[in-house]
Amino acid sequence: MTLVKTKYNRRSFLKVSAASGGGMMLGFSWLASCNPTKEQALSMPESWFDINAFIKIGENGLVTIFSPNPEIGQNIKTSMPMVVAEELDVAWKNVIVEQAALDTHKYERQIAGGSQSIRRGWQGLRMAGATARHMLMEAAANEWKVTVSSLSTNEGIIKHDESNRTMSYGQMAATASTLEVPENIELKDPKDFKIIGQPTKNVDGEKIISGAPLFGLDFKREGMKISMIEHSPAFGMKLKGFNEEVIKSMPGISDVLVVNTAPKEAAWSNVNAFTEVIAIVGNTTWQVMKAKKALIVEWEWDSPAEDSQDHEFKLAQSLQTGVKELARKDGNAEEAFKKAHNVIEKTYSAPFLAHNTMEPMNFFADVSKAKAELIGPIQTPEAMGKSISNLLDIPIENVTVMLTRMGGGFGRRLYGNFGLEAATISYNTGKPIKLIYTREDDMTQGVYRPAYKVKYRAALDEKNELIGFSIHGTGIHGSPVFENRFPAGAVPNYLAEKMSIDSNISTGAWRAPRSNFIAGAEQSFLDEVAEAAGKDPIDFRLELFDRAIKNPIGTDNDYDPQRYAGVLELVRDKSNWGVKTEGVYRGVSAYFCHNTYVAQVLDMVLINGKHKIKKVWCAIDCGIVINPEGAINQAEGGIIDGIGHAMYSNLTFDKGSPIQKNFDTYSMIRHHQAPSEIEVFFVDNGIDPTGLGEPTLPPISGALANAIYQASGQRLYKQPFIQQDIKLG
Amino acid sequence: MAKFNININGTTKKIDADPDTPVLWVLRDHLDLVGTKYGCGIAQCGACTVHLNGSAIRSCSVAISTVGDQKITTIEGISKSSEKLENIVKEAWLTHDVAQCGYCQSGQIMNATALLKINPNPSDTDIDRAMTGNICRCGTYTRIKTAIKTAAAQLT
């Protein structure tokens with residue numbers, strides 16, 4: 001049991017005995033946005049009592065837990081409420097989960113990003129459950145005239161052991177909701193967890209498989225119009241004119257306008273290369289699509305067109321002669337290279353990538369001069385609300401943002417330009433509208449994963465000890481280098497330098513930003529260095545971790561070498577590393593990002609001369625695992641997504657235009673290309689939990705490249721690997 | 001605009017739409033059947049998969065005027081179906097907690113159901129071949145395959 005001080009004050013808990021949640025959902029069907037099972041729906045309580053921002057309890061004991069953060073497929077709509085329910089001590093089957101709207105007074109950090117929802121929410125979620133439990137016990141103690149400490153709880157029942165009396169949470173909810181919030185609270189000992197650690201099904205699972213209206217694109221309101229935009233076909237182009245009158249006269253079209261969403265003061269979430277776009281508003285999606293196809297637009301250049309050949313050249317040039325930012329220097333790397341017995345130098349690169357969430361960008365907006373109502377899929381609702389308030393001069397307290405389930409995020413929905421467009425279109429036309437991007441709009445709009453190039457050098461002495469290491473990394477835009485990550489701290493002479501290239505192509509966060517490229521490059525390089533040193537690749541890494549444990553270089557190393565080694569040892573043991581199987585080619589990789597440690601072994605076989613990934617073994621240290629079912633699913637997804645993008649995906653440019661505009665030309669991993677099997681293992685250490693939405697993606701490209709090398713003798717330096725004519729077998 | 005009588009999930013619906021309107025948008029805009037998803041509009045991702053007389057088709061690329069009296073089944077129809085196959089598939093999806101974001105899953109389920117109808121005991125290769133047109137960015141492919149195999153085991 002841990003005693004913690006609650007940071008709550010009375011104002012953060014509204015004492016309302018609300019009749020139902022219906023009024024809060026602003027046009028949603030309430031039952032579609034939360035998840036009562038059929039049995040629960042039959043026995044809905046007559047009154048709900050708000051205990052705190054996360055919990056309301058019905059008089060019949062049914063509990064609603066609000067999930068504060070946006071759900072993008074990382075399954076926090078299941079795992080966050082599990083944490084609340086654990087400390088509240090209720091049976092999970094009596095819990096209804098409801099998606100909370102943006103509410104900066106009630107919740108902190110309503111963001112889906114950086115795999116931080118669980119890590120940053122952990123303490124607050126536990127306290128919400130524990131304070132509510134305490135208040136319910138206090139209400140019972142007052143009723144029975146006994147002390148709170150003489151009471152115990154079990155799955156929603158309060159018990160006075162001495163007198164053997166019991167009372168349900170439902171009976172105490174009304175009184176509890178009027179009590180003061182306790183200043184100190186006891187949290188459970190993790191060994192007593194009953195819900196945390198249990199494999200638990202996705203709370204929206206049944207709705208998803210029955211096609212219920214969960215997603216932004218599914219939202220509909222009476223009188224709502226459909227809107228689409230047309231942005232310029234190339235980065236560097238802007239609008240000059242178009243056949244406005246023709247479009248206006250097309251069937252079902254009510255409005256055609258030009259909207260400008262350039263912010264007065266750009267925030268980090270305002271990445272958008274095309275702030276001025278044509279908007280078409282009409283009755284049905286198809287009518288608006290047809291009008292969009294009939295557009296004849298004149299565009300003009302206002303900055304130079306770029307293409308992929310330019311990018312290749314600039315990246316190479318930047319590595320050689322670009323302005324270098326010294327990020328970290330330990331010892332003297334150049335001196336180490338001079339006196340080295342063997343120097344290994346390799347350069348790795350990767351292309352721009354589109355996010356390609358399966359649900360294209362969309363948002364509903366009903367905006368007037370006085371207020372703005374936004375409903376849809378956004379990873380950063382607070383930033384979107386602020387941007388809209390700023391852009392349209394609407395007081396922030398009059399801007400509401402409701403969250404729908406998202407058909408994927410992967411970083412794309414951190415940047416809410418589509419919400420700004422929807423709001424501006426509604427504001428200018430005076431109509432409630434739902435803005436929909438076509439796949440082509442979505443794929444050509446930008447906020448891409450940057451294109452990267454990185455050069456590694458390693459110096460081995462005559463005993464094949466690693467004595468020097470350097471990393472120089474550049475990108476369009478931004479360097480992929482994390483200077484304080486491994487092997488920094490394990491090498492006496494270490495140098496990290498960063499460069500960056502400007503471009504009119506807009507880039508941003510993409511699932512596991514920077515790590516998504518640098519992990520694979522680093523882990524491929526270490527494989528090659530281990531080979532040059534005549535060492536087993538796992539032994540070689542473990543030797544380096546051992547150095548970082550016993551004699552760490554520098555003080556800014558942002559990893560724990562013991563935990564890092566731990567996952568590598570776990571995957572080594574589970575996969576029987578070192579036992580050779582005829583026809584199976586193995587690669588290993590390990591990486592630390594988003595506060596979580598991951599190590600993977602990938603087994604490749606050849607079927608008719610073609611590669612097939614037979615199995616991936618994955619060891620993870622993310623501390624306490626809230627929901628093993630969801631956690632394993634995330635791990636599998638990150639691995640498949642990582643393999644797919646390293647192997648197949650590529651976004652290239654010609655005269656400023658993305659060449660790939662839809663899935664006929666942009667390759668995404670498909671069913672037959674996924675591993676036949678993935679097995680996931682967690683380190684059980686009781687440490688506070690860290691994130692899982694991203695960390696399994698970055699290392700897998702390294703394990704893949706290393707396995708392909710074993711199968712083909714060919715090292716892979718350039719993504720996507722598929723373009724390298726891999727000679728297998 | 002033109003009027004059509006379309007058989008959807010066992011009921012005849014009257015629809016007033018442009019003849020070239022894809023079935024996808026008739027379902028979503030005219031009938032509020034939004035379980036069928038828009039993903040690419042060019043029959044490359046499978047999110048919009050429905051059944052036309054029992055076979056899987058991409059509803060984004062079939063005009064409403066070409067449907068005639070053929071029977072359309074959507075995920076909502078499958079969801080309410082009392083047929084053994086449909087229920088086994090749904091159960092398998094829940095048992096393996098397949099979904100992550102969930103957006104592509106109705107298309108995956110429609111395609112898997114159509115596969116199991118004609119091939120109740122598919123091999124891995126059969127599954128790969130049948131499902132390869134359905135993209136999942138979250139990477140739930142291994143779970144989908146496991147769910148299909150679980151469903152098949154109960155069918156045979």
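Derivation of every value follows stated rules applied to the coordinates shown; laboratory data play no part. Bear in mind the structure is a predicted one, so any value in this text is a computation, not a measurement. When we count neighbours, we look across all protein chains shown, and the Cβ atoms used for this are built from the backbone with ideal geometry, even at glycine.
Run the reach check for residue A:615 against lysines, Cα to Cα strictly under 22 Å, same-chain hits fewer than 8 apart removed. What comes back?
A:574, A:580, A:727, B:145, B:149
Residue A:465 versus residue A:346, label points 7 Å from Cα toward the beta carbon: distance in nm?
2.4
What pairs in A:324/A:550; A:324/A:455; A:498/A:718 have C-alpha atoms more than 24 Å from each other?
A:324/A:550
Starting from the Cα of residue A:371, draw a straight line to each of the lysines and keep only those under 18 Å, dropping any in the same chain fewer than 8 residues away.
Qualifying lysines at Cα under 18 Å: A:386, A:431, A:434.
Using each residue's phi in segment A:352-363, evaluate 6.51 cos²θ - 1.76 cosθ + 1.60 at θ = phi - 60° and report the 3J(HN,Hα) Karplus result to the nearest Hz, with x for Gly and Pro.
So the J values, rounded to whole Hz, are 4, 9, 8, 6, 6, 4, 5, 8, x, 4, 6, 6.
Can you sort A:564, A:494 by how many other beta carbons sit within 10 Å, fewest first?
A:494, A:564
Quick one: Karplus J couplings for segment B:113-128, per residue in order, coefficients 6.51, -1.76, 1.60, θ = phi - 60°, nearest Hz, x for Gly and Pro?
Rounded to whole hertz, the list is 5, 5, 4, 5, 5, 8, 9, x, 10, x, 7, 4, 5, 4, 5, 4.
In whole angstrom, how far apart do the alpha carbon centroids of segment A:193-261 and segment A:399-416 sit?
For segment A:193-261 versus segment A:399-416, the Cα centre distance is 11 Å.
For chain A, what is the mean residue ellipticity at 222 nm derived from helices alone (per DSSP H run of n ≥ 4: -39500 (n - 2.57); sum divided by total residues; nearest 500 deg cm²/dmol)?
-9000 deg cm²/dmol
If I model a spin label at residue A:535 and residue A:148 as a point 7 Å from the Cα along the Cα→Cβ vector, what separation in nanometres do I get?
5.5
What are the ³J(HN,Hα) couplings of segment A:177-188, residue after residue, when phi is run through the Karplus curve with 6.51, -1.76, 1.60 and θ = phi - 60°? Round to Hz, x for glycine and proline.
Karplus values, whole Hz, x for Gly and Pro: 5, 9, 7, 5, 6, x, 7, 10, 9, 9, 9, 5.
Can you sort B:93, A:268 from fewest to most other Cβ atoms within 10 Å of each residue's own Cβ?
Fewest-to-most ranking of B:93, A:268: A:268, B:93.
Given the pairs A:106/B:80; A:369/B:37; A:346/A:610; B:13/B:84; A:225/B:14; A:292/A:655, which are separated by over 30 angstrom at their Cα positions?
A:106/B:80; A:369/B:37
Taking the dipole about the Cα centre of the protein assembly as shown, with the C-beta of Lys and Arg at +1 and of Asp and Glu at -1, give me whichever of A:355, A:129, A:110 is farthest to the positive side.
Result: A:355, furthest along the dipole toward the positive end.
Using +1 on the beta carbon of Lys and Arg, -1 on that of Asp and Glu, and nothing else charged, what's the dipole of the protein assembly as shown about the Cα centre, debye to 20? Walk me through the intermediate numbers first.
Numbers: 93 positive and 100 negative charges, 179 e Å.
Charge dipole, the protein assembly as shown, about its Cα centre: 860 debye, nearest 20.
Using the charge dipole of the protein assembly as shown (Lys, Arg: +1 at Cβ; Asp, Glu: -1 at Cβ; taken about the Cα centre), state which of A:309, A:390, A:231 has its Cα farthest towards the positive end.
Among A:309, A:390, A:231, the one farthest towards the positive end of the dipole of the protein assembly as shown is A:231.
With just the Cα atoms defining each centre, how far is segment B:1-46 from segment A:149-173? Give it in Å.
54
Which of A:722, B:15, A:96 comes first, and how do the rest follow, when ranked by fewest Cβ neighbours within 10 Å?
Fewest-to-most ranking of A:722, B:15, A:96: A:722, B:15, A:96.
Aspartates and glutamates near residue A:290 by alpha-carbon distance under 19 Å, same-chain residues fewer than 8 away left out - which ones?
Of all the aspartates and glutamates, those that pass the test against residue A:290 - Cα under 19 Å, at least 8 places apart if same chain - are A:230, A:244, A:245, A:255, A:298, A:440, A:441, A:442, B:16, B:18, B:20, B:29.
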